[in-house]
1. Return the residue satisfying two criteria in turn: it lies in the stretch 64-103 and is aromatic (Phe, Trp, Tyr) and not in a loop (DSSP other than H, G, I, E, B), and of such residues it is farthest from Leu12 (Cα to Cα).
2. State whether one or more residues within the stretch 56-77 are β-branched (Val, Ile, Thr) and out of contact with any strand residue (DSSP E or B) (no Cβ under 7 Å at 6 or more places or on another chain).
3. Name the strands (runs of 3 or more DSSP E) wholly within the stretch 2-42 that hold at least 3 residues that are at pLDDT 95 or above and crowded, with 16+ Cβ neighbours inside 10 Å?
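The values are calculated or read from the model by the stated rules, or taken from the named source; none is laboratory data. These numbers were taken from a predicted model, which means no experiment stands behind them. Note: ideal-geometry Cβ built from the backbone for every residue, glycine included; neighbour counts use all protein chains shown.
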Amino acid sequence: MKICITSQGSTLDALTEERFGRAPYFIIIDTDTESSEVLENPFAAAGGGVGPKAAQLINAHQVTALVSGMVGGNAREVLVAAGIQLYTYNSGGTVRDAMEQFNKKTLERVA
């Protein structure tokens, strides 16, 4: 399973980012191999419509679940249509913290 966590930085110790479409980075963690991949979000500073574009980007990387704070309606539609599960994390911790909460199954699934 590939989990995408929105992040303010490029490491597992970076703080999570609450805004999906404007997140500077997406950290993708493969739960089978425990490897991670960092994607810089090319849409973070763009004009409108960034959410659906960001959703298409992570879908292209075969993500199966997204952990983020807020996901806009248009992005949510793209993610749900792609079969990506959505989980809310608003604790202000690190990517590593969010992944631990995901693994403990304590995050709220919202879609």
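1. Filtering the stretch 64-103 for residues aromatic (Phe, Trp, Tyr) gives 87, 89, 102.
Remaining after also requiring not in a loop (DSSP other than H, G, I, E, B): 87, 102.
Numbers: Tyr87: 18, Phe102: 14 Å.
Checking each candidate, the answer is Tyr87.
2. So the first thing to find is which residues in the stretch 56-77 are β-branched (Val, Ile, Thr), and the list is 58, 63-64, 67, 71.
This time we only want the ones that are out of contact with any strand residue (DSSP E or B) (no Cβ under 7 Å at 6 or more places or on another chain), so: none.
No, the stretch 56-77 contains no residue that is β-branched (Val, Ile, Thr) and out of contact with any strand residue (DSSP E or B) (no Cβ under 7 Å at 6 or more places or on another chain).
3. Numbers: elements: 2-7, 25-30, 36-40.
So the answer is 2-7, 25-30.
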